[in-house]
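Following: one structure in structure tokens, then a few remarks.
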Amino acid sequence: MGQATYHVHPDDVPFARLERPWGTTLMKLLRVSLTENSFTNIIRWPAGTQLPTHLHTGAVDAWTFEGCWRYLEYDWAARAGDYVHEPPGTVHTLRAEEETLAMFTSYGGFLWYGPNGELVKYQDAASTLADVQEALAADGLVLPDGVID
């Protein structure tokens, strides 16, 4: 047979409060696969949040539920109901123009760059899981069964 299929309701997954140099990110980690190096999350950013420039080593799929976000390098903005696909190797700088709630599925890692183009951080499924578990533990919370596969 194969692996078991899991059901996770987003309301059962707590938001982890991740304090980043660019501001607060609230993240619900819906699924993380360490073997596939992939994860799906729901993110909430306050208006004006701007992430550092970063490169995705794998594809990313995004669905916007509320608000508006964009990449400074492109002439479009993702609004409620919009779907975005990013092929591997894309480099961009995300900015939340309005308070935003969106879901992202990321495959592979992220390379985060500093203001002079220097590599400052690598992020992947394992480091995202560790960050979320640490933030949840600080609030006495844990991820429900079925999130980690």
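The values are calculated or read from the model by the stated rules, or taken from the named source; none is laboratory data. All of these numbers come straight from a predicted model, not from anything done at the bench. Neighbour counts run over all protein chains shown; Cβ positions are idealised from the backbone, glycine included.
Of the residues making up region 48-77, those that are under 20 Å from Gly23 (Cα atoms), hydrophobic (A, V, I, L, M, F, W, C) and within 15 Å of the chain's Cα centre (by Cα) are Leu51, Leu55, Trp69. Considering each residue of region 24-43 in turn, none proves to be in contact with an Asp or Glu (Cβ under 8 Å, 6 or more places away or on another chain), surrounded by fewer than 15 Cβ atoms within 10 Å (Cβ to Cβ) and more than 22 Å from Gly108 (Cβ to Cβ).
For region 98-119, residues that are over 17 Å from Leu26 (Cβ atoms) and either more than 15 Å from the chain's Cα centre (by Cα) or not small (Gly, Ala, Ser) (or both) total 12.
None of Leu30, Leu18 is in contact with a Leu (Cβ under 8 Å, 6 or more places away or on another chain), under 30 Å from Gly140 (Cα atoms), in contact (Cβ under 8 Å) with a residue 40 or more places away in the chain and not hydroxyl-bearing (Ser, Thr, Tyr) except Leu18. Per the listing Glu19, Glu86, Glu73, the residue uniquely under 25 Å from Val147 (Cα atoms) and surrounded by fewer than 15 Cβ atoms within 10 Å (Cβ to Cβ) is Glu19. Residues of region 21-74 that are of a type in the set (A, V, I, L, M), assigned to a strand (DSSP E or B) and farther than 30 Å from Tyr6 by Cα: Leu55 alone. Against the test of being at pLDDT below 95 and among the polar types (S, T, N, Q), the options Gln50, Gln3 yield a single qualifying residue, Gln3.
Among the residues examined, Ala130 qualifies as free of Cβ contacts under 8 Å to residues at least 12 places away in the same chain and either closer than 16 Å to Glu19 by Cα or not in a strand (DSSP E or B) (or both).
Going through (1) modelled with pLDDT under 95; (2) surrounded by 11 or more Cβ atoms within 10 Å (Cβ to Cβ) one by one, Val132 falls short only on (1).
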